[in-house]
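These notes are about the structure you will find just below.
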Amino acid sequence: MTTIQWFPGHMSKARRQVQENLKFVDFVTILVDARLPLSSQNPMLNKIVGDKPKLLVLNKVDLADPAIIKEWQEYYGKQGILTLLINAKEQSTVKKLTDAAKRLMSAKIERLQKRGIKRETLRTMIIGIPNVGKSTLMNRLAGKKIAVVGNKPGVTKGQQWLRTNKDLEILDTPGILWPKFEDQLVGLKLALTGAIKDNLLPMDEVTIFGLNYFKTYYPERLLEHFKGIDLSEDEPDIIMEMTKKLGFRDDYDRFYNFFVKEVRDGKLGRYTLDRVSDNNGND
Ligand code: GDP
């Protein structure tokens, strides 16, 4: 878990680091958590990335709700933004990302070919807020035999390109950006999925938010997982009942930690906390 504290100075440094590298890449790989397609994006993403081609990669798809993810793909598709669903832990990710990169850059590749220039390898950098899976993805892409391609002129000193295959190279340092934590609802969503440290938000509030979310969208899962509870009651009463049933006596802190862990571990099934319909697509 990250310990980054985001102060204005850190934010401008992070922004600068990403922007300095933009000119060396063909496209930017924006990594988000598929449980939070919007809330795990950086609030200034479009400003930071500018008009560089973007590939929006929704990671941790194994934990996310497939129906809602499909809606997000359609939503971004309408805006002309190419999205890709991955589980960074799987080997198939390498081919998926390489293919998507070629699709994203097909017009440019064709233009160059017409001028007799054969573009051998596409270059990208991975950017995203902490915990979305940047390191996991980079390790997956670089593989065991991390082939360092060597310093290229201009790239920030000490940085190198990692070769995935003949078609794709990635900058060895991911761009780590800050989340939209000033929005309270976003903060609760980030906390429920474990994207931010537990002590940043009160666990009772995170639990109530999660309980309410599952009660609204996935009530059958709560009923299945916590047998015998009455969902028509208010959240505090449900929490009391659940805590008692679990044999935690009056140890509510224990229940909060237990509930949040169950949600994070996917014990209540696959879920996505951002819905296209909730935010009217504002980003
Ligand atoms: P980073 O901070 O963006 O570099 O994120 P990490 O690569 O450290 O990943 C954060 C956590 O998410 C780790 O516990 C990873 O094992 C986990 N993780 C990454 N990708 C996936 C995925 O596709 N599915 C699941 N279930 N977990 C993942």
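Quick notes on this structure:
- Flag if Val18 is farther than 21 Å from Leu200 by Cβ, within 15 Å of the ligand (Cβ to nearest atom) and among the hydrophobic types (A, V, I, L, M, F, W, C): yes
- Of residues in region 27-75 being acidic (Asp, Glu) and farther than 16 Å from Leu137 by Cα, the one surrounded by the most Cβ atoms within 10 Å (Cβ to Cβ): Asp65
- Each residue in region 239-276 was checked for being farther than 17 Å from Pro37 by Cα, assigned to a helix (DSSP H, G or I) and more than 16 Å from the ligand (Cβ to nearest atom), and 15 pass.
- Test: residue in region 197-213 that is within 16 Å of the ligand (Cβ to nearest atom), farther than 21 Å from Ala64 by Cβ and surrounded by 14 or more Cβ atoms within 10 Å (Cβ to Cβ): yes
- Test: Lys60 is under 15 Å from the mean Cα position of the chain (by Cα) and on the phi > 0 side of the Ramachandran plot: yes
- Sub-8 Å Cβ pairs linking a first residue in region 54-75 that is touching a residue at least 12 places away in the same chain (Cβ under 8 Å) and under 30 Å from Lys23 (Cβ atoms) to a second residue that is charged (D, E, K, R) and away from the ligand (no atom under 14 Å from the Cβ), at least 6 apart or interchain, are Trp72/Asp274, ordered by first then second residue.
- Pro37 being within 27 Å of Arg270 (Cβ to Cβ), touching a Lys or Arg at 6+ places or on another chain (Cβ under 9 Å), away from the ligand (no atom under 12 Å from the Cβ) and not aliphatic (A, V, I, L, M): no
- Of all residues making up region 180-194, the number that are at pLDDT 95 or above and either among the charged types (D, E, K, R) or not in a helix (DSSP H, G or I) (or both): 1
- Matching residues, region 266-283, being at pLDDT 95 or above and either surrounded by fewer than 14 Cβ atoms within 10 Å (Cβ to Cβ) or of a type in the set (D, E, K, R) (or both): Lys267, Arg270, Asp274, Arg275
- Unmet requirement for Gln17, which otherwise passes all of (1) modelled with pLDDT of 95 or more; (2) under 16 Å from Ile126 (Cα atoms): (1)
- Every listed requirement among (1) under 19 Å from Val25 (Cβ atoms); (2) of a type in the set (Ser, Thr, Tyr); (3) within 13 Å of the ligand (Cβ to nearest atom) is met by Thr98 save one, (3).
- A Cβ distance below 6 Å, combined with a sequence gap of six or more or placement on separate chains, defines the contacts here; from region 203-216, residues that are at negative phi reach residues that are assigned to a helix (DSSP H, G or I) and of a type in the set (Ser, Thr, Tyr) in the pairs Met203/Tyr256; Asp204/Tyr256; Thr207/Tyr256.
- Residue within region 66-77 that is among the aliphatic types (A, V, I, L, M), at pLDDT 95 or above, under 21 Å from Trp161 (Cβ atoms) and touching a Leu at 6+ places or on another chain (Cβ under 7 Å) present: no
- For region 109-128, the candidate set comprises residues that are under 24 Å from Lys47 (Cα atoms) and out of contact with any Pro (no Cβ under 8 Å at 6 or more places or on another chain); within that set, the residue that is farthest from the ligand (Cβ to nearest atom) is Leu122.
- Flag for Thr124 being in a helix (DSSP H, G or I), in contact (Cβ under 8 Å) with a residue 12 or more places away in the chain and surrounded by 15 or more Cβ atoms within 10 Å (Cβ to Cβ): no
- Consider region 40-77 and keep the residues that are over 17 Å from Ala14 (Cα atoms) and of a type in the set (Val, Ile, Thr). The one that is nearest to the ligand (Cβ to nearest atom) is Val61.
The values are calculated or read from the model by the stated rules, or taken from the named source; none is laboratory data. If you're wondering where the values come from, they're calculated on a predicted model, not measured in any experiment. Neighbour counts run over all protein chains shown; Cβ positions are idealised from the backbone, glycine included.
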